[in-house]
Amino acid sequence: MKNYIILLIFCLIIFTACKHQNPLIPSGPSSPPIGGWACSPDSVYFQNDILPIFQSYCAKSGCHDVSSHREGIILTDYFNIMTTGQIVGGNPNHGNIYESLTTGSSSNIMPPPPDLPLSADQIAMILKWINQGAQNTYCTEVCDTLDVKYSTKISTLLTNKCVGCHNGSVSSSATDYSNYAALQGIALDGNLMGCIKQLAGYPKMPKGGNMLSDCEIRMVQIWVDAGAPNN
């Protein structure tokens, strides 16, 4: 009887430990992406929000792609952003990535002139991501295509994922996605959809970045099919 009671207590301890044990969340630079849950407006997700900005504005030829790696910094993926950028979660002052985005010095600011600088919203998002732990997270977005407008969805999408390369500056493509008139032209002639769908015969966009999600492509297609209005 005594042995039975001891065995029962041991089983209860094991059951309780297994029931309440949470999965470990990897946080190192080489950790795979974690997430898959629904996106929260209170959080910033690396794969969804941060990586496209670095890839579009910074990881370009002559700057911080693998081939150029200016000052030894590569900003193409999570591992390189964390290691070569010396980013430490919770400490935006560690390394010089955040400082280079906010400095008032024209000789040190990134991206350098004449390239388009990051917006205040983009910089704030990077700061929030660092303060939240700078983890390699992603989330699953609810695809809302009921009210697709240039001012609320298309402009923001292209600003974060395309305008870093396509802004009409000297070092960027001649196609200026930040200029509505120019953007409407390539939207209506089929070039925009050909590029973001990565169809044969078109340059694959975003260049060097992840392909837009099915939901994002669908939203752009809805806007294009409506005549690419400035609404």
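The values are calculated or read from the model by the stated rules, or taken from the named source; none is laboratory data. Since this is a predicted model, take the numbers as computed values, not measurements. The accessibility values were calculated without ligands, DNA or RNA, using every heavy atom of the protein model including side chains. Shrake-Rupley method; radii C 1.70, N 1.55, O 1.52, S 1.80 Å.
Some notes on this structure:
- The phi-based Karplus calculation (6.51 cos²θ - 1.76 cosθ + 1.60; θ = phi - 60°) puts the 3J(HN,Hα) values of segment 42-48 at 8, 10, 10, 10, 4, 5, 7 Hz, whole numbers, x for Gly and Pro.
- For the chain, diffusion coefficient by Stokes-Einstein and Kirkwood Rh (Cα), 37 °C, 0.692 mPa s, µm²/s: 166
- Accessible area of the chain belonging to carbon and sulfur atoms, whole % at 1.4 Å probe: 58
- Residues whose placed amide H lies under 5 Å from that of Thr137, excluding near-sequence neighbours: Ile34, Phe46, Gln47
- Mean sequence separation of contacting Cα pairs (under 8 Å, at least six apart), scaled by the length of the chain, corresponds to a relative contact order of 20 percent.
- Principal-axis tilt of helix 120-131 within the chain, Cα atoms, nearest 10 degrees: 20
- Between the amide H of Val88 and those of His94, distances stay under 5 Å, these residues lying 5 or more places away or on another chain, with hydrogens modeled in the peptide plane.
- Here the Gaussian network model covers the chain, with springs between Cα atoms less than 10 Å apart; of Pro41, Pro113, Pro52, Pro41 fluctuates the most.
- For segment 101-185: relative contact order, % (alpha-carbon pairs under 8 angstrom, 6 or more apart): 23
- Computed over the chain with a Gaussian network model linking Cα atoms closer than 10 Å, the most mobile of Val66, Val163, Val44 is Val66.
- With bins 10 Å wide beginning at 0, the percent of Cα pairs of segment 131-231 falling in each bin runs 14, 48, 29, 9, 0.
- For segment 50-67, Karplus couplings with θ = phi - 60° (6.51, -1.76, 1.60), whole Hz, Gly/Pro x: 8, 4, x, 5, 4, 5, 7, 9, 10, 7, 10, 4, x, 10, 10, 8, 5, 6
- Across segment 38-169, the relative contact order, built from alpha-carbon pairs under 8 Å that are at least six residues apart, equals 34 percent.
- Degrees between helix 214-225 axis and first principal axis of the chain (Cα, 0 to 90, nearest 10): 30
- Close Lys pairs in the chain (alpha-carbon distance under 28 Å; sequence gap of 8 or more, or different chains): 23.
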